[in-house]
Amino acid sequence: MPAFHPRFAELPEEIAVFPLSGALLLPQGRLPLNVFEPRYLAMTLDSLARGRMFGMVQPDARLPAGATGPGLYAIGCLGRLTSFSETEDGRLLITLTGLIRFRIAEELPLAPGGYRRVRADYGSYAGDLATDPGPTACDRAALLAALRPYFRARGIEANWEAVEQTADAMLVTTLSMVCPFEASEKQALLEAADTTERARTLVTLLRMGGAANAPCEGRPS
């Protein structure tokens, strides 16, 4: 196990959370963040002093807002700060590496810095901590066949050589995080039972997105 990879028993029970729609963090994935809002600057600095971990979670538009802010999806992902730099205009550029998913057991009062905190339940996701999760049953041909029209429809340029060289599990994780899916679709990818199920969900979303944005042909005059 890598030196800084926490064991299950070492995971914090109470964590800060960064609610951000459309931002998906998955175990083993790396999420770059540009932090500038005062409460999240405070959260980041506090996290650096307290284990370098906080959670990413999406707001759930179906839920009413509460005293601490928008309603949140029940499932998020804990990450560890693995890179950090300051800018001259007071922003923090960080990379958060995904560790393990969690269920929000309870929302806690706001931290003194104004950011949100929750009590996290990791019980269903212990397998996320495995540094070698084993093979992923991924239909790579189907994935690439769905990816090309999806990228083409959105004008996304890809380094296809790098795509071809990326291992199945990391390719599924990376595409799930970077593709511009809707928040509910990102959440479905997060909540997939394992990488194999996530790969199937990803292919479905790519096919739907590629078809929905395909140019119409044979339109009657």
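Quick look at the numbers
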| quantity | calculated |
| --- | --- |
| In segment 1-75, the trypsin sites (Lys or Arg not before Pro) that fall in loop regions by DSSP, at most 11 other Cβ within 10 Å | 7, 62 |
| Directionally averaged shadow of segment 40-86, computed from the convex hull of its alpha-carbon atoms, nm² | 4.1 nm² |
| Computed Rg/Rh of segment 140-212, alpha carbon atoms with Kirkwood Rh | 0.92 |
| Orientation-averaged projected area, Cα convex hull of the chain (nm²) | 15.4 nm² |
| Contact order relative to length of the chain, as percent, for alpha carbon pairs under 8 angstrom and 6 or more apart | 22 percent |
| Farthest positive-ward along segment 85-199 dipole, Cα basis, beta-carbon charges - from 171, 123, 97 | 123 |
| Percentage of interatomic Cα-Cα distances in segment 8-129 larger than 23 Å | 24 percent |
| Qualifying GluC sites (Glu not before Pro) for segment 153-214 [loop in DSSP, other Cβ within 10 Å: at most 16] | 157, 182 |
| The chain: calculated mean residue ellipticity at 222 nm from DSSP helix runs of at least 4, using -39500 (n - 2.57) | -10000 deg cm²/dmol |
| 10 Å Cβ shell holding at most 13 others, DSSP loop, chymotrypsin sites (Phe, Trp or Tyr not before Pro): longest site-free stretch of the chain | 37-221 |
| Positive minus negative residues near residue 4 (Lys, Arg vs Asp, Glu; Cβ under 12 Å) | +2 |
| Loop GluC sites (Glu not before Pro), segment 1-104, which have at most 11 other Cβ atoms in a 10 Å radius of their Cβ (DSSP) | 13, 88 |
| Using alpha-carbon coordinates, inclination of helix 38-49 to the longest axis of the chain, degrees | 70 degrees |
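All of the numbers you see were taken from the coordinates with simple rules; none came from a lab. Keep in mind the model is a prediction, meaning the values are calculated, not measured. When we count neighbours, we look across all protein chains shown, and the Cβ atoms used for this are built from the backbone with ideal geometry, even at glycine.
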